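Chemist: The following block contains the structure, expressed as structure tokens.
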Amino acid sequence: MTLCDTGPLVALIDRDDLHRERCVEALKVLPPRPLLVTWPCLTEAMYLLGRAGGMAAQEELWGYLADRLVVLHAPQDREWERMRELMRQYSDARMDLANASVVTAAEYLGLVRVFTLDSHFYAYRISGKLPFEIVP
């Protein structure tokens, strides 16, 4: 399964997004399984899509969930504290909650691939050691 950050979700739906074509092409080479998204990334994507395309864009993301193109990772209680630790650890890079949730999900689920447009993921490490496999 591939973790998905906010940026690609928005780019796949917002036809005016500068990264749309790149994300559409990247999606073609990813394994044919649903993308795994965290609650903070879903929330951020809904907000950005609302600003970019209103309810129609948000409805498209709801459709991704309904059709299981995207599945939601519900964090365990212990994951919230890990997100907090990561935000402290990477405070110099201004890690936000969405990024912390992706790193934490990777750690708890044993995933290394992330679909992201965020260059910070080149610096983040899974469990403090393992680099991410970044797509695109």
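The values are calculated or read from the model by the stated rules, or taken from the named source; none is laboratory data. A quick note: this is a predicted structure, and the numbers were derived from the prediction, not measured. Here Cβ is always computed from backbone atoms with ideal geometry, including for glycine, and neighbour counts include all displayed protein chains.
Chemist: Can you name the condition, by its number, that residue 26 falls short on among (1) out of contact with any Phe, Trp or Tyr (no Cβ under 7 Å at 6 or more places or on another chain); (2) part of a helix (DSSP H, G or I); (3) modelled with pLDDT of 95 or more; (4) of a type outside the set (Asp, Glu)?
Modeler: (1)
Chemist: To continue, here is another question. Residue 76 passes all but one of (1) out of contact with any helix residue (DSSP H, G or I) (no Cβ under 6 Å at 6 or more places or on another chain); (2) among the polar types (S, T, N, Q); (3) surrounded by 13 or more Cβ atoms within 10 Å (Cβ to Cβ); which number fails?
Modeler: Result: residue 76 passes all but (3).
Chemist: Continuing with the same structure: Could you please let me know if residue 98 is under 22 Å from residue 1 (Cα atoms) and among the small types (Gly, Ala, Ser)?
Modeler: Numbers: under 22 Å from residue 1 (Cα atoms): yes; among the small types (Gly, Ala, Ser): yes.
Yes: the conditions hold for residue 98.
Chemist: Filter region 1-23 down to the residues that are modelled with pLDDT of 95 or more and in a loop (DSSP other than H, G, I, E, B), then identify the one that is nearest to the chain's Cα centre (by Cα). Quick ask: steps written out before the conclusion?
Modeler: Let us first name the residues in region 1-23 that are modelled with pLDDT of 95 or more, namely 2-23.
Those left that are additionally in a loop (DSSP other than H, G, I, E, B): 5, 14-19.
Values: 5: 1, 14: 16, 15: 19, 16: 19, 17: 16, 18: 17, 19: 15 Å.
Per the stated criteria, the residue is 5.
Chemist: Identify the residue in region 116-136 that is touching a residue at least 24 places away in the same chain (Cβ under 8 Å) and in a helix (DSSP H, G or I) and, among all such residues, is farthest from the chain's Cα centre (by Cα).
Modeler: Taking the candidates together, the pick is 120.
Chemist: Give the residues of region 71-118 that are at pLDDT 95 or above, over 18 Å from residue 48 (Cβ atoms) and of a type in the set (D, E, K, R), sorted by residue number.
Modeler: 79, 81, 82, 84, 85, 88, 107, 113
Chemist: Considering region 73-115 alone, what residues qualify as being closer than 14 Å to residue 40 by Cβ, outside any helix (DSSP H, G or I) and out of contact with any strand residue (DSSP E or B) (no Cβ under 6 Å at 6 or more places or on another chain)?
Modeler: Result: 74, 75, 95, 96.
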